[in-house]
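To keep things clear, I will list the structure first and then write my remarks on it.
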Amino acid sequence: MKKNKLFTGLASLALVAGLVACGGEDDASNGADDGANGENESDTNGDEASEYSSAEASYVIEAGIGLNNQHPQYEGLLRFKEIVEESTDGDVYVETYHSSTLGDDRQMMEALQLGSQEVTIPSTAPITNFVEEYAILDFPFLFPNEEVAMEVLNGEVGDRLLDALEDQEMVGLAWWENGYRDLTNSVQPVATAEDFEGLTLRTMENEVHLEAFSELGANPTPMAFGELFTGMQQGTVDGQENPLATIYLEGYYEVQDHYSDTNHVYSPFVFLMSKQFYDGLPDNYQEIVRDAAQDAGEFQIEENRRQNNELLDSLIDEGMEYTEVTDEAREEMAEIVQPVNDSFAEKLDQDFVEQFYDAIEEAEQNLE
Ligand code: TK8
């Protein structure tokens, strides 16, 4: 990725300033108790405290995410806002919206294409509806760990995936991280592949996920993230799968009984900007938003991993029953869904698939 030294320097200065300014803000680790859906109601969408204002800015970025304001993704977005506003002395202003108020991942991407919204940070799964190569990221049990995943995404194949977004009127500025996905449900403890049988599970809007969960014997139902809490509450679905931080911070323990650390698929986020908007920015501002997305992403990834690793006890405290999934059980699940991976891999560009698998192998060796 191209980097301009001057602006990288500016961005990291702003980052330090941001760290200081940030102290004492929302405490994400215990915020989930604040609202029925894990939200902190006192926080107004679009209007986060800032010394700058949209009225004085030449460019206003409307940035929306699906998760609530307790999630590290929102903290990362606030970091992006700080860096961009400080680096441009308020000439680029960022309005931040959480909890799907601007729409769900897919709708927000469509708004980016139209140029009616400037930024969103979706999970990659719904991107397959725009660029089919993204399907490879949804293959269950593909990446052995988060470090390998990030090494691959930040390398050549990852760049190739980001570049492919331009034909879809979007610019991919950086990889962020959602994390390994785990299962929750209200019917039965799930410890092995057999336990998926008959469960109605909400999945993201993605063919690989639909087929993989069918293969495991579940009844997958694609549903927008914003409808999920109500879907579980009303019993439209028995369960869902998301990383631990989401499960806890969105308050799913209020409507779900069982949690299993299936770790069945690694889920990246990608920081997207409307191409129309990006192309209209002067070169130095393009550098600033690019570096800010990258730097804020590094912070987001660190915070996200910390919470994904630490929140299990809190989830149990809230009354969820934890079922441990053994490596052996994961291997059995992986074997069952392998034909799904293989059949999707056949449909994709073969050079790309090969390049992708090679990159995983190489990253594993480098990180050994
Ligand atoms: C939030 C989504 C969410 C994803 C999902 O907009 O839909 O389950 O995991 O994080 O991107």
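All told, residue 263 meets the bar of being within 16 Å of the ligand (Cβ to nearest atom) and either of a type in the set (Val, Ile, Thr) or open to solvent by 40 Å² or more (accessible area, probe 1.4 Å) (or both).
Considering only the stretch 77-93, I want to know if a residue exists there that is of a type in the set (Gly, Ala, Ser), open to solvent by 10 Å² or more (accessible area, probe 1.4 Å) and closer than 29 Å to residue 48 by Cβ. So far as the stretch 77-93 goes, yes, one or more of its residues are of a type in the set (Gly, Ala, Ser), open to solvent by 10 Å² or more (accessible area, probe 1.4 Å) and closer than 29 Å to residue 48 by Cβ.
For residue 44, state whether it is at pLDDT 95 or above and β-branched (Val, Ile, Thr). No. Return the only residue of 226, 235 being open to solvent by 10 Å² or more (accessible area, probe 1.4 Å), over 19 Å from residue 208 (Cα atoms) and in a loop (DSSP other than H, G, I, E, B). The match here is 235.
Among residues that are buried (at least 18 other Cβ atoms within 10 Å of the Cβ) and either among the basic types (Lys, Arg) or within 18 Å of residue 267 (Cβ to Cβ) (or both), residue 199 is not included.
Taking the stretch 202-219 as the search range and keeping residues that are within 16 Å of the ligand (Cβ to nearest atom) and assigned to a helix (DSSP H, G or I), which one is surrounded by the most Cβ atoms within 10 Å (Cβ to Cβ)? Only one residue tops the list, namely 212. For beta carbons closer than 7 Å, sequence separation of 6+ or different chains, a first residue in the stretch 242-263 that is at positive phi and a second that is among the polar types (S, T, N, Q), the qualifying pairs are 251/37.
No other residue among 235, 239 is within 13 Å of the ligand (Cβ to nearest atom) and not aliphatic (A, V, I, L, M) apart from 239. When residue 222 is tested against (1) within 16 Å of the ligand (Cβ to nearest atom); (2) in contact (Cβ under 8 Å) with a residue 60 or more places away in the chain; (3) under 18 Å from residue 126 (Cβ atoms), exactly one condition is not met: (2). Mind checking which residues of the stretch 85-119 are assigned to a helix (DSSP H, G or I), within 16 Å of the ligand (Cβ to nearest atom) and within 21 Å of residue 75 (Cβ to Cβ)? Result: 105, 108. Here residue 252 fulfils each of the conditions (1) closer than 26 Å to residue 75 by Cβ; (2) open to solvent by 40 Å² or more (accessible area, probe 1.4 Å) apart from (2). Scanning the stretch 130-164 for residues that are surrounded by fewer than 17 Cβ atoms within 10 Å (Cβ to Cβ) and assigned to a helix (DSSP H, G or I) yields 132, 147, 156, 159, 160, 163. Every test in (1) among the β-branched types (Val, Ile, Thr); (2) farther than 26 Å from residue 199 by Cβ; (3) not assigned by TED's automatic domain parsing to the domain that holds residue 62 is passed by residue 255 save one, and that test is (2). Only one entry of 242, 304, 284 meets the criterion of being open to solvent by less than 10 Å² (accessible area, probe 1.4 Å) and in the same structural domain as residue 141 (by TED's automatic domain parsing), and that entry is 304. The one condition from (1) at pLDDT below 95; (2) open to solvent by 40 Å² or more (accessible area, probe 1.4 Å); (3) not aromatic (Phe, Trp, Tyr) that residue 60 does not meet is (1).
The values are calculated or read from the model by the stated rules, or taken from the named source; none is laboratory data. Every value quoted in this text rests on a predicted model; they were computed, and no experiment measured them. Backbone-built Cβ (ideal geometry, glycine too); neighbour counts: all protein chains shown. The protein model used for the area step is the full one, side chains on, heavy atoms only, and it has no ligands, DNA or RNA in it. Shrake-Rupley method; radii C 1.70, N 1.55, O 1.52, S 1.80 Å.
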